[in-house]
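The values are calculated or read from the model by the stated rules, or taken from the named source; none is laboratory data. Keep in mind that what you see is a predicted model, and the values were worked out from it rather than measured. Here the Cβ positions follow ideal geometry from the backbone for every residue, glycine too, while neighbour counts run over all protein chains shown. We work out accessible area using only protein heavy atoms, side chains counted, and drop any ligands, DNA or RNA first. Shrake-Rupley method; radii C 1.70, N 1.55, O 1.52, S 1.80 Å.
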Amino acid sequence: DNGYVHEVDLNYAVANLEAENNDYCKYTDIFKLIEAEFGGVTVENGQVLIRGGKTSFSAGSSYALIIVDGQPSQSIEWIRPCFVRSVRILKGTEAAIYGSRGGNGVVVITTK
């Protein structure tokens, strides 16, 4: 395709980050880890915003849904970076399995 990357492939490629070869202990908190490792992801008041997530058209919260070890979580500030096994950012069709709650993206964190 003349060097073009399809959006589906791109979303998958930038959304997965396994900790096997990464030293997450170098980060002082979970928010710095997320912001540093994922372009287009920012943190506001302890909540994660995924690229383009904040719009004037969205009703209610524009923050990403956070899932820690399979359970929805209101707060992740207690998670120490050294104990993180993997972080995944889900957008679009990947986030659809979470229904309307995943409309602004999903941050999936697996701990050790």
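Brief remarks follow.
- Single condition residue 28 does not satisfy, out of (1) within 28 Å of residue 100 (Cβ to Cβ); (2) assigned to a loop (DSSP other than H, G, I, E, B); (3) modelled with pLDDT of 55 or more; (4) open to solvent by 50 Å² or more (accessible area, probe 1.4 Å): (1)
- Within the range 80-102, being surrounded by fewer than 20 Cβ atoms within 10 Å (Cβ to Cβ) and outside any helix (DSSP H, G or I) holds for 80, 85, 86, 88.
- Which listed residue is exposed (fewer than 11 other Cβ atoms within 10 Å of the Cβ) and at pLDDT 90 or above, from 20, 35, 77: 77
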